[in-house]
Every structure is written in C-alpha cells, then in structure tokens.
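I have placed the structure first, in the form of structure tokens, so that the comments after it can refer back to it.
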Amino acid sequence: MGLSDILCIRDLQRAAEGTLSKTVREYFNDGAEDGIALADNISAFDRYKIRQRVLRDVSSIDSQKQAFGSTMSFPLAVAPSGMQCLAHPEGEQATARAATRAGVFMGVSTFATKSLEDVKRAGDEVGNNVYLLQLYIFKNRKTTEDLVRRAERAGYKGLLLTVDTPRLGNRYNMTRNDFKLPPHLRIPNFGEKKVGPFVQHLTRDTTTEDDSNINDDNVTWETLVWLRSITKMEIWLKGLSTAEDAELAVRSPATISGIIVSNHGGRQLESALPTLDSLSEVVATAKARSRDVQVWLDGGVRKGSDIFKALALGADGVLIGRIPLWGLAVGGEEGVLRALDILKAEFQHTMALAGCTTLSEISPSSLARRTASGVYAKL
Ligand SMILES: Cc1cc2nc3c(=O)[nH]c(=O)nc-3n(C[C@H](O)[C@H](O)[C@H](O)COP(=O)(O)O)c2cc1C
C-alpha cells in the first residue's frame, strides 16, 4: 500500500499496524487499564453532529491560526509523544520536518529519542516553525532546570508542563511485553545523566542510582512559581480537565498562557472524563477570567470534523499524539506529512460544507448534541 492509497487516518492506522512489532504497536496504541478513557475520548466526538449552513460563499476558506506569535496553517499541533524512533529511525527529526512543511507547531517530548536541539535543527532545514518542549518536574529540580535552559537557548517558544502524571498510568502491555527501548536507542535529552527507575528500566541501565523518577509526585501549584522564575518562555499546562483546576491555573502567579485539556490519550487515569466533555467547563472558567489564555484539547482527534467540533465547543486548537506515530511507521517524514495533509484537507472541507469560511464562524451554534431522548438538539 503506497501513501497515495491512504485516504484517511483509519487507513493510516491500519497500515501502521502492519509494520510495527506487537510490543511497539501496543505501547503506542493502548490506553491505561481497560482502555475506557481512550475509547471514550474517540467516541465523545460522535455525540455531536454538525449543523450545516448553506448558500454561503465558501470558495475561499481561511483556516490559519495565530499562537506563540506565529501563524499555523490550521489549528493543529503535534503533541509531544516520546520515543518516536520506535516507529522510524529518524523519529522526532522526521516529524519535525513534516510539521514544518505542513505549517503546524511541533511538541517535543522530554522522552524523545532525539535531543531537543537535534529535533529543531532538523525542522530548521526545511523552514521556520514553533517548537514546544514537553516537561516533567523531576525530583532533582536541576534536571528540569537544565532542560528548560537548553530549550530556551535552542529557541523553543514554550513549555508544555505535563500535570496528569504524578505517577505512571497502569499500562498492562508494558508489563506483559516487558517493554524496553531497544539497545541502539537512547533518551538523549538527559545526556549521560540518567533520571531514575523509569529510564533505567527503559534503557536497561543498572549503573546509576539517581533518586529522581519520571516525575515528582510532590509537585503542586506552588512549584509553578519556581518554574516561572527560571524561564521567560510561555508555560502551558498539559493534562487539565476540570473547572476547579482551570480556575487555579488562570489565577496562578506563574502566569499560565495556555491549558491543554488532555488525559494523556487515555494512558493515565482509567475512567478519566473524555477530553471533549471536559472542554466546556475548562473553557467557560478559563475564558471568564482571562480572554488571553489559550485552551487547546488533545485525545481522540482522528478526523477533520473532530477538529471542527472541538473548536465549536471553545477550543483554540487541538493536538494529535498517535497519528504522527502511525505516519512515521508507514512512511517516515512523508508519512507524517500525508497524515497532516489529510487532516488539514478534511478540516477545510468540513468548514466549507458547514458554511464557515473563517475560524471565528465556528461556534456552539455549529453543533447539535444527542439528548436523553436520543434526538439531536441545538446546544
Ligand atoms: C506513545 C505515546 C507516547 C507519549 N509520550 C508522552 C510524553 O512523553 N509526554 C506527554 O506529556 N505526553 C505523552 N503522550 C501523550 C500525548 O502527548 C497526547 O496527550 C495524546 O497522545 C493525545 O491523544 P491521541 O493519541 O488520541 O491523539 C504520549 C502518547 C503516546 C501515544
């Protein structure tokens, strides 16, 4: 199957599954525990239908979106997903090049299999783009501080602080398959320094005794003030899902520029709310306090119409985690680009058929929701 035979993300996922080992496929695709949060993220979109407005001039569609002082071609960014060299030898570097060519921002995981500098250098070969470093706050604060300073030096524009991972979710596949990085891969963002049991386990490293772990389970809202004190980059919180936490975020003296409504792609808390359902309460609370704060969503976005629905419910944009991994697996940089092109075309197509020519025309009145009686009604 060539890339031109891939017409939608479902085709891409199927093609990717044929190329990946069982261990990697399950690591990428599975959720925590029984996978309920993962499945719910996806099915939540189908509870909404699109109200189609007609007889409007849709010969020109403007899907561009401003953020971080730059323009993206449509309101979508690559979510920071770790260990992309499991999908393709060029890993995050291929993704960065594809994202740049498609005009979408690039999230880079702390647990990338290429260094944050090398990822940006690869993307810079094909054009300018916005790079965002996903961050954990480690017990050893110096480890986090080093990453922040390197990202700033390399020209990253923002930090996506992951806040839904005070401990790692129960991912049965990792235990069953004894998931480890193959010996030829590394997590170079840590240099020679190892960061505790998770990375030691992943890399089969038994030589260090650093007591820092994947994340510090003592991190609180106060810790954000420390993070603010060491960087001028925008700080976004990734993994928020309630109005209560949105309120704390926008009131934080750490000046939070953005919130990503996320449950880590269903990989953390089993039975977490579907992110699309969390979105409304977070948007209502955050935007009531600050019009400037951005609210984005990830989890379960698989189609252009999903992006449209998220925007109609108040999201400023969305991110995708697994789709770029499937693209990498199928065709490296070109595979990721194919996926991004499909999503952009589908999104613009949805806008046109729904009668919207600009993002600001996408609103709650664009949607209907299934009611208790099973009938769809305007929001
Ligand atoms: C294989 C894989 C690795 C991930 N690694 C990270 C990570 O290192 N840090 C993080 O904050 N989120 C990570 N995520 C979560 C994504 O950033 C994103 O929140 C999620 O994948 C969105 O859901 P989707 O896959 O349905 O698009 C990972 C997701 C996957 C599938």
Exercise. Among Gly158, Gly69, Gly103, which one shows the biggest mean-square fluctuation in a GNM of the chain, springs joining Cα atoms closer than 10 Å?
Worked result: Gly69
For this session: Calculate, axis by axis, the spread of Cα positions in the chain along the three principal axes, and write the results as whole Å, longest axis first.
Result: 67, 51, 43
For this session: Could you provide, to the nearest whole Å², the per residue accessible area of the chain with probe 1.4 Å?
Result: 42
Problem set entry | Mean Kyte hydropathy of 0.0 or more with a Cα span along the axis of at least 24 Å, helices from DSSP in the chain | 322-354
For this session: Give the carbon-plus-sulfur fraction of the accessible surface of the chain in %, rounded to a whole number; probe 1.4 Å, heavy atoms of protein chains only.
Result: 48
Exercise. Over the range 96-188, how many percent of alpha carbon pairs lie in each 5 Å bin up to the one with the longest distance?
Worked result: 3, 12, 20, 20, 18, 14, 9, 3, 0
Exercise. Under 17 Å from the 7 Å Cα→Cβ point of Asn128, by amide nitrogen: which residues of the range 150-173?
Worked result: 154-158
For this session: Please quote Rg/Rh for the range 1-86 to two decimal places, taking the Kirkwood radius as Rh and restricting both calculations to Cα atoms.
Result: 1.04
For this session: Specify the inter-centroid distance of the range 301-317 and the range 57-129, based on alpha-carbon positions, in whole Å.
Result: 19
Exercise. Using helices alone, what [θ] at 222 nm do you get for the chain, with -39,500 (n - 2.57) per DSSP H run of 4 or more residues, divided over all residues and rounded to the nearest 500?
Worked result: -12000 deg cm²/dmol
For this session: Extending each Cα 7 Å along its Cβ direction at Arg47 and Thr223, get the distance between those two points in nm, one decimal.
Result: 3.1
For this session: Determine the sum of side-chain charges near Gly123: Lys and Arg each +1, Asp and Glu each -1, restricted to other residues whose C-beta is under 13 angstrom from that of Gly123.
Result: -1
Exercise. Counting Lys and Arg as +1 and Asp and Glu as -1, what is the net charge of the other residues whose Cβ lies under 14 Å from the Cβ of Arg56?
Worked result: -1
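The values are calculated or read from the model by the stated rules, or taken from the named source; none is laboratory data. Because the structure is predicted, anything quoted here is derived from the model rather than measured. As a convention, Cβ positions derive from the backbone with ideal geometry for all residues, glycine included, and neighbour counts pool all protein chains shown. Just the protein is used for accessible areas: all its heavy atoms, side chains included, with ligands, DNA and RNA removed. Shrake-Rupley method; radii C 1.70, N 1.55, O 1.52, S 1.80 Å.
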